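First the structure, in the form of structure tokens, and then the observations on it.
The values are calculated or read from the model by the stated rules, or taken from the named source; none is laboratory data. Keep in mind that what you see is a predicted model, and the values were worked out from it rather than measured. Here the Cβ positions follow ideal geometry from the backbone for every residue, glycine too, while neighbour counts run over all protein chains shown. Just the protein is used for accessible areas: all its heavy atoms, side chains included, with ligands, DNA and RNA removed. Shrake-Rupley method; radii C 1.70, N 1.55, O 1.52, S 1.80 Å.
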Amino acid sequence: MPSRRRIIIVGGGCSGTLLAIHLAARGQPVVLIERGRPARGVAYSTSERRHLLNVPVGRMSAFSDDPDHFFRWLRSRAPEVERSSFVPRADFGAYLEDTLAAHRDRIDVILGEAVDI
């Protein structure tokens, strides 16, 4: 049974966002604090389309029990993409943003900085 307390995650890049999504999917209320653009972090915030993922689409997913989750999301936007494709890093950032948005009923995002606890 999930705790009634909220878990606070400081840093909403890829790792913080994925942790928040997985906790929220289990019914845990989460607060995600990010000073930049949530879900993007440094790795996926680039707008340069030449910056590609270093892993093919078929091996990237937010959910280990659904390894084609990213592939299906991307294929709905770019039907030509294959599981073996290497796509721009920004595409994975957009996927993380959409996946975060799908769980926002249990995730409060605070745009700001944690400076004390």
* Checking S15 against (1) in contact with a Phe, Trp or Tyr (Cβ under 6 Å, 6 or more places away or on another chain); (2) closer than 27 Å to V115 by Cα, the condition it does not meet -> (1)
* Structure fact -> Note on D116: of the conditions (1) at pLDDT below 95; (2) under 11 Å from the mean Cα position of the chain (by Cα); (3) of a type in the set (D, E), unmet is (2)
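Given the residues S76, S61, which is the only one that is at pLDDT 95 or above, of a type in the set (S, T, Y) and open to solvent by 80 Å² or more (accessible area, probe 1.4 Å)? Spell out how you get there, then give the answer.
Numbers: S61 fails: open to solvent by 80 Å² or more (accessible area, probe 1.4 Å).
Matching residue, one of S76, S61: S76.
Just name the residue that is least open to solvent (accessible area, probe 1.4 Å) out of those in region 36-52 that are of a type in the set (A, V, I, L, M) and in a loop (DSSP other than H, G, I, E, B). Walk me through how you get there before you give the answer.
Going residue by residue through region 36-52, those that are of a type in the set (A, V, I, L, M) are 39, 42-43, 52.
Imposing the further condition that a residue be in a loop (DSSP other than H, G, I, E, B) reduces the set to 39, 42-43.
Numbers: A39: 0, V42: 137, A43: 42 Å².
It comes out as A39.
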* Can you work out which of the residues in region 68-117 that are touching a strand residue (DSSP E or B) at 6+ places or on another chain (Cβ under 7 Å) and assigned to a loop (DSSP other than H, G, I, E, B) is nearest to I8 (Cα to Cα)? => A114
* To do: Among what's in region 20-35 and is under 14 Å from the mean Cα position of the chain (by Cα) and not in a strand (DSSP E or B), pick the residue that is nearest to I110 (Cα to Cα).
  => A20
